[in-house]
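The values are calculated or read from the model by the stated rules, or taken from the named source; none is laboratory data. Every value quoted in this text rests on a predicted model; they were computed, and no experiment measured them. Cβ sites come from the backbone with ideal geometry, for glycine too, and all protein chains shown count toward neighbours.
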Amino acid sequence: MMAEKFSIAGGEIPAAGRDRQDVAHADGSGAGVCPEDRDRVALYGLLASGLQGPVGQDWLDVVSGLSGGGGDLAEAISGLAVAAAQAEPEPLARDYHDLFIGVGRGELVPYGSYYLTGFLNEKPLALLRQDMRRLGIERDPGVKEPEDHIAALCQMMAGLIEGDFGDGSPAASSRFFRAHPASWTPYFFKDLEATDRGAVYPALGRLGRVFIELEEHADALFEEQRGAG
């Protein structure tokens with residue numbers, strides 16, 4: 001669905017859940033996907049792995065090797081790579097704490113319910129849980145955070161595109177995207193891009209913003225084609 005391409009120098013994009021998973025694949029089936037959708041899966045995985053907790057040196061080493069061609073998405077990937085090459089895990093861990101944990105709460109609250117209602121554990125979370133049950137997405141029992149965390153949503157989108165959840169159809173991932181990530185993540189990523197906490201998290205916010213904008217555009221075209229058909 002995306003027109004822009006990117007490449008990886010020096011390794012694979014780090015997938016979410018390398019050390020911890022927010023969601024578990026119900027059956028682990030995973031249908032084959034086209035190269036374009038593999039790029040989407042990789043980008044959702046990159047966003048999830050960068051936002052589910054403080055990143056380590058391995059993450060920085062891999063991300064610093066990412067590169068792209070032209071276009072806004074490639075520029076955002078390259079910007080993140082430059083930031084990662086200059087970053088160190090310890091200061092990044094402090095940035096993560098200040099941004100998302102803080103004393104009482106962080107500068108940003110990365111949950112859908114909060115962005116949509118101003119409170120945690122509200123109706124948007126209940127609706128997400130309904131869709132998770134319908135699609136066979138199970139919460140990992142070792143994770144205590146609510147399922148509407150930004151990293152968990154990115155993991156769910158990656159699984160839907162790969163065919164690990166639901167029926168594996170583009171329509172299923174499209175419905176989920178419009179109901180959940182599209183409803184609030186553009187605002188979250190804009191807020192993250194605007195933060196002054198180091199260079200990595202603003203760059204990650206820029207990447208998320210640009211990527212979700214592309215996803216929204218592609219989804220609108222998909223719906224038009226479905227309607228015309």
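So that you can scan it fast, the table gives a plain yes or no per residue for (1) charged (D, E, K, R); (2) over 19 Å from Asp72 (Cα atoms); (3) surrounded by fewer than 22 Cβ atoms within 10 Å (Cβ to Cβ):
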{"position": "Leu153", "(1), (2), (3)": "no, yes, no"}
{"position": "Ser183", "(1), (2), (3)": "no, yes, yes"}
{"position": "Phe189", "(1), (2), (3)": "no, no, no"}
{"position": "Ala203", "(1), (2), (3)": "no, no, no"}
{"position": "His217", "(1), (2), (3)": "no, no, yes"}
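Taken over region 33-65, the criterion of being at pLDDT below 95 and not in a helix (DSSP H, G or I) is satisfied by Val33, Cys34.
Among the residues of region 150-165, none qualifies, meaning not one is without any contact (Cβ under 8 Å) to a residue 40 or more places away in the chain and either in contact with an Asp or Glu (Cβ under 8 Å, 6 or more places away or on another chain) or over 14 Å from Pro181 (Cβ atoms) (or both). Take the conditions touching a helix residue (DSSP H, G or I) at 6+ places or on another chain (Cβ under 6 Å) and either crowded, with 17+ Cβ neighbours inside 10 Å or on the phi < 0 side of the Ramachandran plot (or both) and apply them to Gly159. Does it pass? No, not satisfied. Checking every residue in region 106-128 against the condition of being at pLDDT below 95 and either of a type in the set (A, V, I, L, M) or within 23 Å of Glu75 (Cα to Cα) (or both) gives zero matches.
Lys144 meets each of the listed conditions (1) over 23 Å from Glu193 (Cβ atoms); (2) surrounded by 15 or more Cβ atoms within 10 Å (Cβ to Cβ) apart from (2).
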